[in-house]
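Provided herewith is a single structure, encoded as C-alpha cells, for subsequent inquiry.
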Amino acid sequence: MEARKFPSLSVFFPAYNDAPSLPGLVRKTFATLEPHVADYEVIVVDDGSRDGTGDVLEQLRREYSPWLRVVTHAHNRGYGGALRSGFAAAQKEFVFYTDGDGQYDVGELPRLLDLVGPATGLVNGYKLERHDPRHRVWIGNVYNFCARLLFRIRIRDIDCDYRLIRRALLAKIRLTSTSGTICVELVRKLELSGCQVVEVGVHHYPRLHGRSQFFRIRSLAVTLLQLVRLWIRLVILR
C-alpha cells in the first residue's frame with residue numbers, strides 16, 4: 001500500500017551567488033518531493049547574484065517547468081528581503097525553506113512533514129552539529145543565546161534555517177527585516193500566534209562553495225541595528 005502523501009507544499013531557496021550548489025540542490029529537491037508530496041512547487045529567489053546564478057536557474061527552470069519558478073531581484077535586498085519574496089511567492093498550504101548554499105540536506109524534509117499535526121504551525125530544525133569554522137560557531141552560539149534571551153524565544157536554534165511553516169500564519173504576520181534578523185522576527189511572531197511548534201534535529205554540512213554573507217562587518221552591523229530596533233518593537237513596546 002502506497003504511503004499517504006503530504007497534501008500541499010511550497011519549497012523555496014534564497015540564493016546569492018550560489019550557482020555551484022543550486023543544480024544539485026534543485027534536482028535532489030524534486031527527487032525528494034515526488035514520492036512524498038501530492039501537490040508542490042519549488043521557488044528560487046535570486047537575490048541580485050553576481051555570479052552565474054541567473055544562467056543556472058534559467059537552465060533549471062526550462063528543465064523543471066512549470067514546477068520550478070524563479071524570482072529575481074535586480075539588486076541585492078539582503079537575506080530578509082529574499083525570505084520575504086519567497087514567502088510572498090509561495091502558494092501552497094505549507095511553506096518550507098532552507099538556504100541555497102547546500103549546507104542542509106533537503107532529503108531530510110520528509111521528517112519534518114511527518115511531524116505536522118492539525119495544530120502545527122511551525123516545524124523548526126536544530127543543528128545536530130554545526131560544521132563551520134570555529135569563529136563562526138562561536139559567534140553563532142553567542143547570537144543564538146542572546147536572541148533567545150532578549151526576545152523570550154523558546155526554540156533552541158534560531159539560526160537554523162530549515163523551517164516548515166503553515167502559510168495561513170504567514171499571511172497574518174508582517175515581516176519587516178531585511179537582514180538575518182528576519183529569523184528572530186519570524187520565530188517570535190509565530191510563537192506569539194500561539195501555534196504548535198515542533199522541533200527536530202537536522203544535519204548541517206560544511207560549505208563547499210562561496211562564503212557566508214552574514215559574517216561580514218557591514219552585514220553584522222546592519223543585523224545588530226535591526227536587532228535592537230526589533231527588540232524595542234517586539235518586546236519593549238508590545
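State the number of residues belonging to the stretch 152-197 that are under 16 Å from Gln226 (Cα atoms) and touching an Asp or Glu at 6+ places or on another chain (Cβ under 9 Å).
5
How about the stretch 29-38: which of its residues are within 20 Å of the chain's Cα centre (by Cα) and either at pLDDT below 95 or part of a strand (DSSP E or B) (or both)?
Val37
Also, quick follow-up: Of the residues Gly80, Gly86, Gly102, only one is surrounded by 20 or more Cβ atoms within 10 Å (Cβ to Cβ) and on the phi > 0 side of the Ramachandran plot; which?
After applying the criteria, what remains is Gly102.
Restricting to the stretch 157-174, count the residues that are surrounded by 14 or more Cβ atoms within 10 Å (Cβ to Cβ), at pLDDT 95 or above and of a type in the set (D, E, K, R).
Total meeting the criteria: 5.
Filter the stretch 205-238 down to residues that are hydroxyl-bearing (Ser, Thr, Tyr) and either assigned to a helix (DSSP H, G or I) or at pLDDT 70 or above (or both) and give me whichever is nearest to Tyr162 (Cα to Cα).
By that ranking, first place goes to Tyr205.
What residue, of Val45, Val56, Val26, is in contact (Cβ under 8 Å) with a residue 24 or more places away in the chain, farther than 22 Å from Val116 by Cα, touching a Pro at 6+ places or on another chain (Cβ under 6 Å) and not in a loop (DSSP other than H, G, I, E, B)?
The match here is Val45.
Residues of the stretch 101-117 being touching a helix residue (DSSP H, G or I) at 6+ places or on another chain (Cβ under 9 Å), modelled with pLDDT of 95 or more and within 20 Å of Leu57 (Cβ to Cβ), which ones?
The answer is Val106, and nothing else.
Quick one: count up the residues across the stretch 1-47 that are buried (at least 18 other Cβ atoms within 10 Å of the Cβ) and out of contact with any Leu (no Cβ under 9 Å at 6 or more places or on another chain).
5
The values are calculated or read from the model by the stated rules, or taken from the named source; none is laboratory data. Please read all numbers here as calculations on a predicted model, not as lab measurements. Reconstructed Cβ throughout: ideal geometry from the backbone, glycine too, with neighbour counts over all protein chains shown.
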